[in-house]
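The values are calculated or read from the model by the stated rules, or taken from the named source; none is laboratory data. Please read these numbers as outputs of a predicted model, since none were measured by experiment. Please note: Cβ atoms are built from the backbone with ideal geometry, for glycine as well, and neighbour counts cover all protein chains shown.
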Amino acid sequence: MADKSLALIGAGGIGGKHAEAAENIGAPVRWVVDILPDRAETLSDKLSAHADTTCDAALADPNVGAVIIGVPNYLHADLAIRALAAGKHVFLEKPMAMSLAECDAILAAHAKSRQVLQLGFAHRYTTVGQKAKEVVDSGALGAIHHVKAHIHLRRSVPGLGRWFTTKAESGGGALMDLGCHLIDLSLWLLGHPPVRDVLGQTYSLFGKRMRDYNFAEMWAGPPNYDGVCDVDDSAHALVRLANGCTLQLDVSWAGNFPEPNVPLSQMILVGDAGGLAFQLFGDHVMLTTEVDKQLVHERIEVAEANFYETQLADFLSGVEQGQCFGATAQDGRRVQEVVTEIYKSSGVAS
Ligand SMILES: NC(=O)c1ccc[n+]([C@@H]2O[C@H](COP(=O)([O-])OP(=O)(O)OC[C@H]3O[C@@H](n4cnc5c(N)ncnc54)[C@H](O)[C@@H]3O)[C@@H](O)[C@H]2O)c1
């Protein structure tokens, strides 16, 4: 891969982040592909790359070593499988796919290939995420018996009426989009214990009243009131792990969570020797331990860093060494299993 370049498939919100990361770490991008020619051209001009509206030429290009796939979820499986079959290493955005069957198809294609496949669970690469992993692995928390994590956007349903809110194109709403990050981060911090059972409930309360919905933010495109919103805009779940640990997960694209009492995001890990809390994009973690029969609360500052850059650098060094250092395809499937079980528990088919 040392003498080869990247192809970026999808030049929307996340495509822009990957393009910037590639530029900043000096990773050459040879192709930018988007079905919208303007988007492909804007990014390709910036990166001095070729632009295209299909990925055929990029996948056939022997100078391309790896592709970064950042397109709507319903295209993940097809594009990842095509890229692996074309002999390219693949960085695939989260969630892995729309369903467990699609995850299995990607896993089968990956097993047949000799390529590295990494998933875009970027929260592993924030500086708070890295610090949390270091603290957990140091044993400072002892045996962790509970993890409580939330992301509460208040009025931020993305691209209302577009692909994010159309189940046939996204596979699900806030749970699929935000929940998968929390599930991956929790399982990664805990060392991937098996899941025992899952209880969950999803709600669709805001986005589906399309014209009455007042948004604070509309990422992934302006509202399309002629489109579809048939996905959850919040989800709440309790996951019991085989090692006895419980995970309480709450996510929303829209919900009435009072500010500032409920921070936008938080992750709390509670162990028998200590506890750790942090906000997902925070600049510190809080560590509580008992010292000389006193509870000691320590604030550990972390440096600022662009986690998309760290993530891409880790993917590329994995490619050099022929292994995935980040979220593997198996990790992606485990996350999808929990998402699927939460939808099932909630009475939603997936
Ligand atoms: N890891 C993260 O932090 C993170 C953040 C945002 C999005 N994502 C994931 O990235 C993916 C894309 O999300 P987004 O926010 O960039 O969406 P987006 O709608 O902003 O961008 C998607 C882009 O894909 C293009 N596209 C559609 N079909 C295509 C095709 N066949 N070939 C090439 N391009 C095509 C669209 O024109 C659009 O420009 C999703 O899977 C999402 O879950 C991950």
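Residues of the range 1-30 that are more than 16 Å from the ligand (Cβ to nearest atom), farther than 21 Å from Ala60 by Cβ and either among the polar types (S, T, N, Q) or touching a Phe, Trp or Tyr at 6+ places or on another chain (Cβ under 7 Å) (or both): Asn24 alone.
Restricting Gly139, Gly161 to residues that are assigned by TED's automatic domain parsing to the domain that holds Ser252, in contact with a Phe, Trp or Tyr (Cβ under 7 Å, 6 or more places away or on another chain) and on the phi > 0 side of the Ramachandran plot narrows the list to Gly161. Residues in the range 223-243 that are assigned to a strand (DSSP E or B) and either more than 19 Å from the chain's Cα centre (by Cα) or not hydroxyl-bearing (Ser, Thr, Tyr) (or both): Ala235, His236, Ala237, Leu238, Val239, Arg240, Leu241. Can you spot a residue in the range 190-201 that is farther than 30 Å from Thr328 by Cβ and touching a strand residue (DSSP E or B) at 6+ places or on another chain (Cβ under 8 Å)? Among the residues of the range 190-201, not one is farther than 30 Å from Thr328 by Cβ and touching a strand residue (DSSP E or B) at 6+ places or on another chain (Cβ under 8 Å), which makes the answer no. Only one of the numbered conditions (1) hydrophobic (A, V, I, L, M, F, W, C); (2) within 15 Å of the ligand (Cβ to nearest atom); (3) surrounded by fewer than 21 Cβ atoms within 10 Å (Cβ to Cβ); (4) farther than 30 Å from Thr165 by Cβ is not met by Ala111, and that is (2). For Gly161, which of the numbered conditions (1) more than 16 Å from the ligand (Cβ to nearest atom); (2) surrounded by fewer than 21 Cβ atoms within 10 Å (Cβ to Cβ); (3) at pLDDT 95 or above; (4) small (Gly, Ala, Ser) fails to hold? Going through the list (1) more than 16 Å from the ligand (Cβ to nearest atom); (2) surrounded by fewer than 21 Cβ atoms within 10 Å (Cβ to Cβ); (3) at pLDDT 95 or above; (4) small (Gly, Ala, Ser), Gly161 breaks only (1). For the criterion of being assigned to a helix (DSSP H, G or I), of a type in the set (Asp, Glu) and either within 16 Å of the ligand (Cβ to nearest atom) or crowded, with 22+ Cβ neighbours inside 10 Å (or both), Glu41 passes. Conditions first: (1) at pLDDT below 95; (2) crowded, with 20+ Cβ neighbours inside 10 Å. Ala97 passes all but one, so which condition is the exception? It is condition (1) that Ala97 fails. Identify the residue in the range 204-228 that is of a type in the set (Ser, Thr, Tyr) and touching a residue at least 40 places away in the same chain (Cβ under 8 Å) and, among all such residues, is surrounded by the fewest Cβ atoms within 10 Å (Cβ to Cβ). The qualifying residue surrounded by the fewest Cβ atoms within 10 Å (Cβ to Cβ) is Tyr225.
Would a scan of the range 160-170 turn up a residue that is farther than 23 Å from Val128 by Cβ and part of a strand (DSSP E or B)? First the steps, then the outcome.
Initially, the range 160-170 is screened for residues farther than 23 Å from Val128 by Cβ, giving 160-170.
Next, only the ones that are part of a strand (DSSP E or B) stay: none.
Scanning the range 160-170 turns up no residue that is farther than 23 Å from Val128 by Cβ and part of a strand (DSSP E or B).
Here's a check for you: in the range 280-314, which residue that is loosely packed, with under 15 Cβ neighbours inside 10 Å and under 30 Å from Leu8 (Cβ atoms) is farthest from the chain's Cα centre (by Cα)? Only one residue tops the list, namely Ala303. A Cβ distance below 6 Å, combined with a sequence gap of six or more or placement on separate chains, defines the contacts here; from the range 117-128, residues that are polar (S, T, N, Q) reach residues that are part of a strand (DSSP E or B) in the pairs Gln118/Phe91.
On the basis of being surrounded by fewer than 17 Cβ atoms within 10 Å (Cβ to Cβ), under 21 Å from the mean Cα position of the chain (by Cα), more than 16 Å from the ligand (Cβ to nearest atom) and not aromatic (Phe, Trp, Tyr), does Pro258 make the cut?
It is false that Pro258 is surrounded by fewer than 17 Cβ atoms within 10 Å (Cβ to Cβ), under 21 Å from the mean Cα position of the chain (by Cα), more than 16 Å from the ligand (Cβ to nearest atom) and not aromatic (Phe, Trp, Tyr).
Considering the range 44-78, the residues that are acidic (Asp, Glu) and away from the ligand (no atom under 13 Å from the Cβ) include one that is nearest to Ser99 (Cα to Cα), namely Asp61. Number of residues in the range 49-93 that are surrounded by fewer than 22 Cβ atoms within 10 Å (Cβ to Cβ) and part of a loop (DSSP other than H, G, I, E, B) equals 8.
Residue by residue through the range 110-136, note down the ones that are part of a loop (DSSP other than H, G, I, E, B) and either among the charged types (D, E, K, R) or at positive phi (or both). If the condition is that a residue be part of a loop (DSSP other than H, G, I, E, B) and either among the charged types (D, E, K, R) or at positive phi (or both), then Arg114 is the only one that fits.
If only residues of the range 164-192 that are farther than 14 Å from Leu241 by Cβ and among the β-branched types (Val, Ile, Thr) are counted, the one that is surrounded by the most Cβ atoms within 10 Å (Cβ to Cβ) is Thr165. Just one of the listed residues (Ser156, Ser170) is modelled with pLDDT of 95 or more, more than 11 Å from the ligand (Cβ to nearest atom) and hydroxyl-bearing (Ser, Thr, Tyr), and it is Ser156.
The rows are residues; the columns are (1) over 20 Å from Val239 (Cα atoms); (2) at pLDDT below 95; (3) of a type in the set (Val, Ile, Thr).
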{"residue": "Ile106", "(1), (2), (3)": "yes, no, yes"}
{"residue": "Gln130", "(1), (2), (3)": "yes, no, no"}
{"residue": "Val135", "(1), (2), (3)": "yes, no, yes"}
{"residue": "His145", "(1), (2), (3)": "no, no, no"}
{"residue": "His152", "(1), (2), (3)": "no, no, no"}
{"residue": "Cys180", "(1), (2), (3)": "no, no, no"}
{"residue": "Ser186", "(1), (2), (3)": "no, no, no"}
